[in-house]
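In what follows, a structure is listed as C-alpha cells, so that the remarks can point back to it.
Values in this text are rule-based calculations from the coordinates and carry no lab data. The model shown is predicted, which means the values in this text are computed figures rather than measured ones. Methodologically, a virtual Cβ is constructed for each residue, glycine included, from the backbone with ideal geometry; neighbour enumeration extends over all protein chains shown.
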Amino acid sequence: MALDYASAKQIIRLAASMPIKGEVLMLGRQAIQVRPKHAAALDGILAGAGYDFTFADLLQEDGFSETLFLKLGFPSVLSMDLSDYEGADILHDLNDPVPDHLYGRFGIVFDGGTTEHVFDVATTMANVDRMLAPGGIFVSCAPGNNWFTHGFYQFSPELVYGYWKHGCGYDVCSCLMLPEMPRDKAREIPDPAGLNHDAVAGTVVPNQRVYLYYEVQKGPWAHPYRRALQTDYVARWSQHDVAQGRYDSPIVARRHEHEARS
C-alpha cells in the first residue's frame, strides 16, 4: 500500500486536471515509496502541471502521503484500514458493508494497492460505491500483471468496464495498463464491449510488473449495482441468441445496454 513513481505521477496529473472537491479517503494508509532516481522526473511533472514546489516538499517524516494530497490541493484526507497498526483514521474491514454514516461522504476514494488484499471483492467495490458522493471519483492503482505472489488477486480491465461501467453505470475517465517502471509506456485500454475479442485478448503486456490504473466517476448514469457480465461474452452470447431468433432474450437486451453506453 504505497505511492510509487507510477501512481504518484497519475495523482499529480489528476489533481492538476480537475476541480478539487470533497474529502479523500485512502483505502489503507498509503506510504510513499518513490526511488530516489525518479524524484527528478516527478519534479518535472509537478512543474509542468503548474506547481511551484518539488517532490521533496511532498514528503513527511513518517513516510506516509497525507502531505502529498494536501499540497496538491485536496482539502482533507483520511485513511481506512482493518487495523490501526499504521495509524488509519477509520477502522473497518472492507469484507463487511460500511456503516451508514460513511455513505456519500467522500469526493475521492483512492485505492493504491489495497483491494487485491481483500477477499470479498464484490463487497469491497459496493463499499466504494456507497462511500462516494454523487460526482465522486474512485481512483485505483492495483496489480494487473506479474504480481503473482502479491495479495489474493490481479485485476483485469473487465472489472472497470463489466462492473463499474455496465454493472453500476459509472463513467470511465481513464483505464490504463500502467507499467510500474517508466521504461515502458502506459497504454489506454478501451471498453471491450463491441470489440473483437482476439484484438483485446492479444494486448501485449510489458515484461515487468504492471498496474491496472483506472478512474471511474459516479456521474448521472450511476445506479445501484446490477449483475456484471464479462463484456466480450455478452457480445458472443447475444450473437448466438440473434442467430437462433431470440431477439428479445435478456442477453440481447444487455448487449444493447452495453452498446448504448459505449
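Gyration tensor analysis over the Cα atoms of segment 15-145 returns equivalent ellipsoid semi-axes of 26, 17, 14 Å (largest first, whole Å).
Calculated on the alpha-carbon coordinates, the convex hull of segment 148-262 measures out at 121 cubic angstrom per residue.
In segment 2-226, the DSSP beta bridges split such that about 55 percent are antiparallel, to the nearest 5. Taking the chain as a Gaussian network of alpha-carbon nodes connected by springs under 10 Å, the highest mean-square fluctuation of the residues Gln217, Gln244, Gln208 belongs to Gln244.
In the chain, the calculated helix contribution to ellipticity at 222 nm averages -8500 deg cm²/dmol per residue, counting -39,500 (n - 2.57) for every DSSP H run with n ≥ 4. A Förster distance of 25 Å, applied to the separation of the beta-carbon atoms of Met18 and Asp84, puts the FRET efficiency at 0.20.
Compute the convex hull volume of the Cα atoms of segment 1-43, divide it by the residue count, and report the result per residue in Å³ as a whole number.
Spelled out: Cα convex hull of segment 1-43, divided by residues, is 72 Å³.
For the chain, the longest principal axis of the alpha carbon atoms and the long axis of helix 121-131 meet at an angle near 70°.
Note on the chain: GNM, Cα springs under 10 Å; of Phe152, Phe138, Phe106, the largest mean-square fluctuation is that of Phe152. Ranked by the mean number of other Cβ atoms within 10 Å of their residues, highest first, the peptides 185-192, 140-147 come out as 140-147, 185-192.
Potential lengthening of the chain between Glu259 and Thr67 amounts to 64.9 nm, from the contour at 0.36 nm per residue minus the alpha-carbon distance. Plainly put, the chain has a radius of gyration that is 0.99 times its Kirkwood radius, both from alpha-carbon atoms, as the Rg/Rh ratio.
Under the rule a/c < 1.5 gives rounded, and otherwise a/b versus b/c splits prolate from oblate, where does segment 69-187 land using the Cα gyration tensor? Because its axes are fairly even, with a/c under 1.5, segment 69-187 counts as rounded. Taking Cα atoms only, the orientation of helix 36-48 departs from the longest principal axis of the chain by about 80 degrees.
R0 = 30 Å: FRET efficiency of Phe53 with Arg226, Cβ-based, nearest 0.05? Computed FRET efficiency for Phe53 and Arg226: 0.10. Taking the chain as a Gaussian network of alpha-carbon nodes connected by springs under 10 Å, the highest mean-square fluctuation of the residues Met26, Met18, Met131 belongs to Met18.
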